[in-house]
Structure formats: structure tokens, C-alpha cells
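Have a look at the structure below, then the notes.
The values are calculated or read from the model by the stated rules, or taken from the named source; none is laboratory data. All of these numbers come straight from a predicted model, not from anything done at the bench. Neighbour counts are summed over all protein chains in view; Cβ atoms, including those assigned to glycine, are modelled from backbone coordinates with ideal geometry. Ligands, DNA and RNA are stripped out before the accessible areas are found, and what is left, the full protein with its side chains, is counted by its heavy atoms. Shrake-Rupley method; radii C 1.70, N 1.55, O 1.52, S 1.80 Å.
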Amino acid sequence: MTVLRTKAEHTQAILSERRVAVVVNTHSRRGRRRHPEVVRQLRLAGFQPLGMFVVTETAKLRKALDAALALGPDLLIVGGGDGTLSTAAKHLAHQDVALGVLPLGTTNNFARSLGLPLDVAGAVRVLTTGKVADIDLGVAGDITFANLASFGVSVEVAGTVRPWLKKILGRAAYPVTALALLPGHHPFRAVLTVDGRRHELLTHQLNIANGRFQGGWQIAKDISIDDRMLVAYQLGSGKRLRLLLETLVRATTGRWRSLAGGPFVVGQEMILETFPPMSADVDGEVRLLTPVTLRAEPNGLRVMVQAEFVDT
């Protein structure tokens, strides 16, 4: 087992010694466009990285992360979208290295859940003035995730949404794609068992979140990425019209409004069964097959956050 410094010691090492390595995923258009600004802002902040790795093919991301970690940094700065940051989170889980987040994606759910600035200059500023916190990770089966495991129409959306549409519409590309798919989508029955209680529902979409944001929009104000809990919620019900209306509300206003009603289901561990069995979209990767057990893994990852972040 890796011996970890205290968070205060880790913070002091980062702020004083500045032993950092940098990985930037430029596979996306946004990553390519912002890469020069990342380099400029890091230099302005006085960073002299042990190594800087530019990833032009997503398949080579893990190799770049391994190479960066081999340099022995106190802080691994990673620029990219939620998929890139989720991969980095898996690499750094339970290690004595903190993740520095540069949000370069479309929705930036992970950065939003951490309360980080979404501009490059602001994100870099956190790396020079912030602190080390340890946050939760989610685990679905044996797969670690930082943001979300989802079931239903979103799995089809993940495989269908066009890159050109994301470039034009940004985060609105996801609900717009969902609207196109919904007419042919069938609802499914799900059973969630949490703390011995069964929760049954009929829906087109079920999400189980570790963080506070999904699709770039806030799920609920009282959800935290550091509360040792996962939260499950449905989008719409078994009625396609409700889901259409709810998706339209999300696409046009960016606001969450659950027309299906009912509370969210919250727990540290959840057992999910679906009828029929379904694949999961786990932080953008279509994996697994229900039934599956999901759980929150407390303090699984060290990250650099703003000084006012409430670390529990």
C-alpha cells in the first residue's frame, strides 16, 4: 500500500517545490486550440515541468500518463475533457500524486463538480494558490469512474453524437442527439437495492452519479463529489413524452426539472438490476452488463482545488 503524505504536506510540496508533469490531450479541436494557451499560462505561472506530453491520439493517453508519472511529480497536470480526466483519475487513484485539472472539454462535469474555473488562466491559478483535497471515486463492478454511470438512451447517445455537432453546439449536442433517438427508444424496468430497500422504476434513462454535474448542468445543489455517496436519478419516466419534454427543458434552458417527480436515491452502495439486461456508459465508455453493484470509494483521489473547497 502506498504511504501518503498528509494533505497539508502534499500541498506545501506542490506550492514550494513545483515538481509537476503535464499531459494535454489535443485529440479534440478544443484541445488543439487551447494547447498554446496552456503552455503560455503555465510559463507565466512559473512552472518548469519535469516533462510535457502532448497526446494527439486518445489511444496513447494511458502511455503518456504512465510516462509522466514515472518522472515522480507531486502534481500531474492534465488538460482535456471528462473522458481524459476520468482516465487520469483512474491512474492516480490512491497514489501520493495529486491531479491538476485543466478543463478543455465540452461539458467539463468533473471540473464543475470540483468548483474549478473553466478558463485556462483560472484553472492554472488554482494550481499555484489552491490546496490538495481527497475526493470520492465511483466504482461500477470493477471499473472506477469519476463522474457518471448511466443506463438507457444515453448509451445510444454516446455512440451516436457527432463530433461536428459537439463543435457547433457544445454541451447542447447531447440532448439534441437524444431528441433524435427518443422516438425509437423503449423504456426499461430498473430495480435499485440500497441499504436493503428496493426502488423500482420504469424509465428511458437512469443515471448514477459521483459528481454534482451531468451534461454540463447541475443535478442538485446538495450533491457533492466528496460526500461518500452516489446518487441515482431517472430522467423522465416510462412515458416518452415526459422524457421529450424534460430533454427539451434541459436543451433550451440548461435547468434540471424532473417531471417524473420523486426523490433521488442516495447511498454508498447500490445494486442495480434492469429488465432487460443493459450495458452501462461509464464515463463515456460503454462497458459492463447489468446486474451490477456500484459503490462510492471515499477519498480515492487527490486533486488540487481552490482553497475554499470544503474537503470532508
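Quick notes
- Residue satisfying all of: in the range 74-122; more than 10 Å from the chain's Cα centre (by Cα), of a type in the set (Gly, Ala, Ser) and surrounded by fewer than 24 Cβ atoms within 10 Å (Cβ to Cβ); nearest to ASP283 (Cα to Cα) among these: ALA93
- Checking LEU71 against (1) surrounded by 22 or more Cβ atoms within 10 Å (Cβ to Cβ); (2) more than 28 Å from GLU308 (Cα to Cα), the condition it does not meet: (1)
- Screening the range 208-235 for residues that are open to solvent by 10 Å² or more (accessible area, probe 1.4 Å) and at positive phi and picking the one that is modelled with the lowest pLDDT gives GLY215.
- Boolean, GLY130 is closer than 22 Å to MET52 by Cβ, open to solvent by less than 10 Å² (accessible area, probe 1.4 Å) and without any contact (Cβ under 8 Å) to a residue 24 or more places away in the chain: no
- Condition check for ARG255: among the basic types (Lys, Arg), within 22 Å of the chain's Cα centre (by Cα) and either at pLDDT 90 or above or buried (at least 16 other Cβ atoms within 10 Å of the Cβ) (or both): no
- The condition of being within 30 Å of VAL97 (Cβ to Cβ) and modelled with pLDDT of 70 or more does not hold for GLN205.
Residues checked against (1) part of a helix (DSSP H, G or I); (2) under 24 Å from ASN108 (Cβ atoms):
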site: ALA13; (1), (2): yes, no
site: SER16; (1), (2): yes, no
site: VAL23; (1), (2): no, yes
site: HIS27; (1), (2): no, yes
site: ARG34; (1), (2): yes, yes
site: GLN41; (1), (2): yes, yes
site: LEU61; (1), (2): yes, yes
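- Candidate set from the range 13-34 (those that are open to solvent by 30 Å² or more (accessible area, probe 1.4 Å) and more than 21 Å from the chain's Cα centre (by Cα)); member that is nearest to LEU127 (Cα to Cα): LEU15
- Of all residues making up the range 90-123, the number that are assigned to a loop (DSSP other than H, G, I, E, B) and within 26 Å of ASP222 (Cβ to Cβ): 10
- Residue that is farthest from THR84 (Cα to Cα) [pool: residues in the range 273-304 that are among the hydrophobic types (A, V, I, L, M, F, W, C) and outside any strand (DSSP E or B)]: MET278
- Of all residues in the range 272-297, those being over 24 Å from HIS94 (Cα atoms) and either hydroxyl-bearing (Ser, Thr, Tyr) or open to solvent by less than 70 Å² (accessible area, probe 1.4 Å) (or both) number 7.
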